[in-house]
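See structure below.
The values are calculated or read from the model by the stated rules, or taken from the named source; none is laboratory data. From a predicted model like this one, the values you see are computed outputs, not experimental measurements. Every residue, glycine as well, gets a Cβ built from its backbone with ideal geometry; the counts of neighbours run over all protein chains shown.
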Amino acid sequence: MADGYTFLIQILNGVQYGLLLFLVASGLTLVFGIMGVINLAHGSFYMMGAYLAFSLMELVGNLWLAILLGIPLSIAIGLALEALLFRRLYRRDHLDQVLLTYGLILIMEEVRSLLAGDDVHGIEVPKLLDFSIRLTDTLAYPVYRLVMSGICLGVAALMALVIQRTRLGMTIRAGADNREMVQLLGIDIGLVYRMVFAAGVALAALAGMIAAPVASVYPGMGNQILIISFVVVVIGGIGSIKGAFLGSLLIGLADTFGQVLAPEIAGVTVYMLMAAVLLWRPAGLFGRA
Amino acid sequence: MRVLLIAGLGALALYPLVGSAFYLQLFAKIMLLAVFAMSLDLLVGFTGLVSLGHAAFFGLGAYTLMLLSPEYQAASIWLSLPVAVGVTAVAALVIGALVLRTSGVYFIMVTLAFAQMLYYFAIKSKALGGSDGAYIYVKPDAALLGWRPFDLGNRVHFYYVALVLLIGTYALLRTVLRSLFGHVILGIRANERRMGALGYPVFRYKLAAFVLAGAIAGVAGYLEAAQFGYVSPEFFGWQESGSVLMMVILGGVGTLFGPILGAFALTLLQDFLSDEAVFHGFHKHWLLPMGLFIVLAVLWLPRGIGGLALRGPRAVPETADD
């Protein structure tokens with residue numbers, strides 16, 4: 001923490017990581033809140049996004065085009081998985097959900113290995129954005145990271161708009177509160193489930209795609225983000241988008257500052273934060289006890 | 001069922017007479033995993049607590065042995081094993097006091113997170129060997145006042161130690177489950193609120209079950225580390241927690257023989273699927289058929305493998321909250 005600029009860079013990094021986490025964690029919390037499904041394979045969708053970005057980049061050569069193609073592909077994969085597997089889990093208990101989605105992680109990891117190999121890949125930052133803003137003589141901040149944060153904020157705003165202001169959002173909120181009642185009112189809850197699940201898959205995949213240029217693309221990348229997303233969801237309260245947003249930023253900052261201030265216990269700080277929140281509010285910041 | 005169980009144990013006891021060195025070692029490892037799985041089933045199947053971080057205690061037992069082993073000498077098993085049990089029990093007490101504040105799906109996520117915390121700690125800590133792990137060059141010594149009842153370096157001796165531990169754990173858990181304590185935790189699984197209303201200190205009972213399960217997992221981890229003379233952060237890894245949960249659920253949750261069955265079935269299946277001689281090259285991708293097997297088992301075998309042999313209602317905990 002030499003001076004104000006270093007501090008600013010850490011804040012920006014923390015916020016950027018937090019916003020990225022939000023894209024993954026919001027899908028996880030929605031799928032649980034509305035469908036009652038705990039999905040261990042959610043991190044695998046993040047990995048799938050990164051590998052989609054990598055493979056599509058090789059085809060079309062442009063990250064934005066790759067993302068534009070990758071999103072409908074992810075939605076299609078999400079819908080297919082919902083129809084094949086997840087639909088059968090809605091009425092099962094958590095044990096079955098944990099077991100099946102754990103099996104799905106193994107499958108997705110091996111399919112990735114068969115299709116894309118086990119190497120670590122890098123993706124170039126788009127040329128237009130491949131420069132840094134100079135803060136001092138020695139410090140600079142890459143513009144691409146700012147754009148990433150901007151994209152995440154835009155998606156978050158869009159989600160808030162859909163959930164708070166549209167009829168679909170109203171149904172989603174009602175479904176999270178009381179599934180049976182929504183069905184009794186004649187709303188096709190199956191359709192809502194399909195849309196929420198596909199949206200969750202697409203959000204996680206989008207996070208993987210935009211993170212690919214800075215985080216690189218490697219096997220097992222989904223598991224780490226899955227577990228951190230669990231921590232976010234636990235801190236924020238299950239089913240709460242607001243909680244996921246606040247939790248993501250808290251975790252992003254705690255992790256970034258943990259690396260700087262206490263490198264010997266870096267990686268453990270986020271779990272300490274989680275333990276502290278649990279002691280204070282066992283159901284998370286915005287959860288209902 | 002009892003006939004099958006006794007026949008199975010008899011077969012295991014006689015196996016060293018015919019078994020090859022490779023399978024003796026593999027079966028000893030499976031029996032340790034079965035002990036680990038039974039301890040998890042005490043939580044999942046009998047108390048209704050689905051833990052996805054049980055490897056935390058397995059790893060702690062293993063790392064305790066590593067820390068207590070002098071570099072080129074043997075640690076005494078009579079000293080290091082009780083210390084390992086003590087360390088895992090205390091850790092389970094502290095972690096349990098925190099995680100048991102939550103329930104249902106929160107509990108699943110929080111137990112996973114705590115195991116992951118230990119995993120990262122093991123990776124970062126130089127004293128624990130970092131991400132490479134550490135070797136235990138000499139297996140723990142069983143000498144006691146000049147008498148050495150068994151030698152863990154001897155494969156057959158190790159096999160029988162694992163078998164005795166398996167039978168001992170089975171007997172211990174059976175006794176516990178038939179005691180008043182066992183009936184109380186079964187009551188908690190069925191209806192926690194009612195047990196609280198009846199005046200039972202529910203939290204303390206759950207914590208006691210958590211500590212007992214943690215300590216047993218610690219013993220299994222201790223012996224697993226002794227068997228291969230090696231510890232690594234993967235002992236804490238969520239793959240470890242996940243696969244032992246698979247053993248419990250696929251074997252048959254809420255029974256004591258289920259986890260044993262699951263440990264044998266899954267490990268032997270893994271051994272078969274990763275056999276290069278059978279699958280020429282594809283054996284590297286053994287997790288793919290394993291994953292498919294797990295997914296299909298959930299869809300079509302909701303009572304686990306053990307459920308095929310058992311008739312009657314499914315022995316699973318009701319979900320705590322939705």
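A few remarks follow.
- Only residues that are at pLDDT 95 or above and hydroxyl-bearing (Ser, Thr, Tyr) were counted in region A:59-96, giving 1.
- Every pair of residues 6+ apart whose Cβ atoms lie under 8 Å, when the first sits in region B:73-102 and is under 17 Å from B:Ala56 (Cβ atoms) and within 14 Å of chain A (Cβ to nearest Cβ) while the second is outside any helix (DSSP H, G or I) and of a type in the set (A, V, I, L, M): B:Leu100/B:Leu49; B:Thr102/A:Ala283
- Of all the criteria given as (1) within 14 Å of chain B (Cβ to nearest Cβ); (2) surrounded by 13 or more Cβ atoms within 10 Å (Cβ to Cβ); (3) over 30 Å from B:Pro289 (Cβ atoms), the one not satisfied by A:Arg112 is (3).
- Given (1) out of contact with any Pro (no Cβ under 9 Å at 6 or more places or on another chain); (2) over 30 Å from A:Ala283 (Cα atoms), number of the condition A:Ile38 does not satisfy: (2)
- For region A:267-278, the count of residues that are over 19 Å from A:Phe7 (Cα atoms), without any contact (Cβ under 8 Å) to a residue 24 or more places away in the chain and more than 9 Å from chain B (Cβ to nearest Cβ) is at least one.
- Filtering region A:41-76 to residues that are aromatic (Phe, Trp, Tyr) and either touching a Pro at 6+ places or on another chain (Cβ under 6 Å) or closer than 12 Å to A:Gly208 by Cα (or both) leaves A:Phe45, A:Tyr46, A:Tyr51, A:Phe54.
- For A:Val270: the one exception among (1) farther than 22 Å from B:Glu240 by Cβ; (2) modelled with pLDDT of 85 or more: (1)
- Meets criteria (within 13 Å of chain B (Cβ to nearest Cβ), closer than 27 Å to A:Thr6 by Cβ and not in a helix (DSSP H, G or I)) for A:Gly284: no
- Out of B:Leu245, B:Leu223, sole residue that is part of a helix (DSSP H, G or I) and either within 14 Å of chain A (Cβ to nearest Cβ) or among the hydroxyl-bearing types (Ser, Thr, Tyr) (or both): B:Leu245
- Scanning region A:77-103 for residues that are in contact with a Ser or Thr (Cβ under 8 Å, 6 or more places away or on another chain) and under 26 Å from A:Ala212 (Cβ atoms) returns no hits.
- B:Thr111 being in contact with a Ser or Thr (Cβ under 6 Å, 6 or more places away or on another chain) and closer than 30 Å to A:Val233 by Cα: yes
- Set side by side, the residues A:Leu52, A:Leu85, A:Leu99 differ, and just one is buried (at least 16 other Cβ atoms within 10 Å of the Cβ) and under 20 Å from the mean Cα position of the chain (by Cα), which is A:Leu52.
- Positions within region A:231-265 being within 14 Å of chain B (Cβ to nearest Cβ), assigned to a helix (DSSP H, G or I), in contact (Cβ under 8 Å) with a residue 60 or more places away in the chain and β-branched (Val, Ile, Thr), in sequence order: A:Val232, A:Val233, A:Ile251
- Test set (1) away from chain B (no Cβ under 12 Å); (2) free of Cβ contacts under 8 Å to residues at least 60 places away in the same chain; (3) touching a Lys or Arg at 6+ places or on another chain (Cβ under 9 Å) - A:Val214 fails condition number: (2)
- Condition check for A:Tyr102: touching a residue at least 60 places away in the same chain (Cβ under 8 Å), aromatic (Phe, Trp, Tyr) and within 14 Å of chain B (Cβ to nearest Cβ): yes
- Counted as qualifying within region A:141-197 are the helices (runs of 4 or more DSSP H) with 2 or more residues that are modelled with pLDDT of 90 or more and buried (at least 18 other Cβ atoms within 10 Å of the Cβ), namely A:143-165.
- Meets criteria (out of contact with any Lys or Arg (no Cβ under 6 Å at 6 or more places or on another chain), in a helix (DSSP H, G or I) and either acidic (Asp, Glu) or more than 9 Å from chain A (Cβ to nearest Cβ) (or both)) for B:Ala56: yes
- Region A:217-230: number of residues that are closer than 22 Å to A:Val31 by Cα and more than 14 Å from every other protein chain (Cβ to nearest Cβ): 1
- Any hit, region A:67-78, residues being assigned to a helix (DSSP H, G or I), surrounded by 20 or more Cβ atoms within 10 Å (Cβ to Cβ) and within 14 Å of chain B (Cβ to nearest Cβ): no
- Here B:Gly96 fulfils each of the conditions (1) surrounded by fewer than 18 Cβ atoms within 10 Å (Cβ to Cβ); (2) under 19 Å from the mean Cα position of the chain (by Cα) apart from (1).
- Cβ-Cβ under 6 Å pairs, at least 6 apart or on other chains, region B:118-146 side facing another protein chain (nearest Cβ under 9 Å), far side modelled with pLDDT under 80 and buried (at least 18 other Cβ atoms within 10 Å of the Cβ): B:Tyr120/A:Gly267
- Residues in region A:79-99 that are more than 8 Å from chain B (Cβ to nearest Cβ) and either part of a helix (DSSP H, G or I) or touching a residue at least 40 places away in the same chain (Cβ under 8 Å) (or both): A:Leu79, A:Ala80, A:Leu81, A:Glu82, A:Ala83, A:Leu84, A:Phe86, A:Arg87, A:Leu89, A:Tyr90, A:Gln97.
- From B:Lys284, B:Lys206, residue being out of contact with any Gly (no Cβ under 7 Å at 6 or more places or on another chain), touching a residue at least 24 places away in the same chain (Cβ under 8 Å) and farther than 29 Å from B:Leu4 by Cβ: B:Lys206
- Residue match in region A:120-137 (condition: modelled with pLDDT of 90 or more and either within 13 Å of chain B (Cβ to nearest Cβ) or surrounded by 20 or more Cβ atoms within 10 Å (Cβ to Cβ) (or both)): no
- The listed residue being surrounded by 16 or more Cβ atoms within 10 Å (Cβ to Cβ) and of a type in the set (A, V, I, L, M, F, W, C), out of B:Val248, B:Val164: B:Val248
- Subset of region B:248-275 [of a type in the set (Val, Ile, Thr) and in a helix (DSSP H, G or I)]: B:Val248, B:Ile249, B:Ile260, B:Thr267
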